[in-house]
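In what follows, a single structure is set out as structure tokens and then discussed.
The values are calculated or read from the model by the stated rules, or taken from the named source; none is laboratory data. Quick caveat: nothing in here was measured; it's all calculated off a predicted structure. FYI the Cβ positions are ideal-geometry reconstructions off the backbone, even for glycines, and counts take in every protein chain you see. When the accessible area is computed, the model is the full protein with side chains, heavy atoms only, and any ligands, DNA or RNA have been set aside. Shrake-Rupley method; radii C 1.70, N 1.55, O 1.52, S 1.80 Å.
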Amino acid sequence: MPQEVATVTSLPQALEVIKEMNLNGLEWGRDYRRHGRQALKKILEAQMRQDIDRYLEELCGQDKADRRNGSYCRHLLTELGDIELEVPRTRHYSAVPVVRSYARRAGHIDRMILACFVLGVSTRKVAEALLPVLGESVSPATVSRVAKQLDSVVAAFHRRLLKDRYQVLILDGVVIARKTGAGAIRRPVLVALGLRPDGKKEIIDFRLAPGESTTAWEAFLNDLYRRGLTGENLELIVIDGGVGLLAALPLVYPQVPVQRCWAHKIRNVLDKAQKKDHEEMKRHLHRIMNAKNKTQARKTARNFVHTWESLYPRAVKCLRDDLDDLLAFLKFKTETWRKAARTTNAIERRFREVRRRTRPMGVFSDRTSVERILFAVFIYENKQLGIATPFLLTHNS
């Protein structure tokens, strides 16, 4: 019985054939990539010629003049590798929309490259990572060009309207490094994280700043306020105690109580004591932090003062000066909310993920690359908690 021959006439049909062959365990020949590229090239170029023919026929019916004007080269990067296409054109029209409106890489390849970038693979290592899939290298320049697709998405994220639905606002500035002509410099990232009524922690926004001055924090907070985060539902704002942020808060959210971060305060107190007493002093501070109510916390704090003031008066003063702000979180009744609202650790944890993913990259080369990776990590962290976002990493973003 003669064997049926299937003629593949479209890219979707070709992909279905490949999928069926994979499911049936059929062996590919050694040159399947080359043959696949040749077949795909023929399909796409035939469709482009048909597109030009259709365009010219429509002009004839409208009594308009145009004529063929040769062709030019375009590259399309697919799972089969790079395909060099001859794109036909007229004097006023090009058939390049057939290959995705001038796109030089298939969308799924773009997403693969973006995924490598987000996962912390350096641009020079992306080629090696994608080589088994593509059968050929991807240049660092290509990776950089694809990564720039994120720029408009990041800009939209910073402009979006905000819902005033957070019960706790956690603010912190975390330092990262980036390259300049004068070498690597360290700059803070101002971050706002909100605790929602359902207990989920959401990165609301971030901003690269020259420092943590009052002016920098006020500008960041005013931007959040203008976009909708007016603070009417806020019960607490958690901060690390930086002077600039402390001065900026009353200018934007004067009505919201402040909670000082216990993690920062414990480190500051211990810095003023000898190392041999750190463990005992830390246990004493934890007893204050874990008190059942403010009355018990203040009683334990008095015991701390009585125990350590003669030895470390500066350490005791460091605690005593901010005790009221350190105990603000006790307004919450449940241990879950108390634990979430007594430190800025939620932001610190997310920056550990930033550093883990960016460590292979060294320092950031420019401001836009900083924005891209921060956005990608923060959106991923939000998504992991089930927080919906319109800014997903897709080809159409």
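Listed by first and then second residue, the pairs linking a residue in the stretch 229-243 that is touching a residue at least 12 places away in the same chain (Cβ under 8 Å) and over 17 Å from residue 204 (Cα atoms) to a residue that is β-branched (Val, Ile, Thr) and surrounded by 18 or more Cβ atoms within 10 Å (Cβ to Cβ), with Cβ atoms under 8 Å apart and 6 or more places separating them unless they lie on different chains, are 240/344. For residue 252, the conditions (1) open to solvent by 10 Å² or more (accessible area, probe 1.4 Å); (2) within 18 Å of residue 189 (Cα to Cα); (3) in contact (Cβ under 8 Å) with a residue 24 or more places away in the chain are fulfilled apart from (2). Taking the criterion of being within 14 Å of residue 167 (Cα to Cα), buried (at least 21 other Cβ atoms within 10 Å of the Cβ) and not small (Gly, Ala, Ser), the residues of the stretch 321-344 that qualify are 329, 342. Within the stretch 291-340, restricting attention to residues that are of a type in the set (Ser, Thr, Tyr) and outside any helix (DSSP H, G or I), the residue that is nearest to the chain's Cα centre (by Cα) is 334. Considering the stretch 255-294 alone, what residues qualify as being in contact (Cβ under 8 Å) with a residue 24 or more places away in the chain, more than 26 Å from residue 233 (Cβ to Cβ) and of a type in the set (Lys, Arg)? Correct list: 265, 272. Taken over the stretch 45-60, the criterion of being open to solvent by 70 Å² or more (accessible area, probe 1.4 Å) and either touching a residue at least 12 places away in the same chain (Cβ under 8 Å) or small (Gly, Ala, Ser) (or both) is satisfied by 49 alone. Test residue 230 against the stated conditions and say whether it is open to solvent by less than 60 Å² (accessible area, probe 1.4 Å), closer than 17 Å to residue 167 by Cβ and polar (S, T, N, Q). Answer is yes for this residue. Restricting the search to strands (runs of 3 or more DSSP E) fully inside the stretch 194-290 and requiring at least 1 residues that are at pLDDT below 95 gives 201-208.
So that you can scan it fast, the table gives a plain yes or no per residue for (1) modelled with pLDDT under 75; (2) open to solvent by 50 Å² or more (accessible area, probe 1.4 Å):
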| residue | (1), (2) |
| --- | --- |
| 87 | no, no |
| 106 | yes, no |
| 137 | yes, yes |
| 156 | no, no |
| 165 | no, yes |
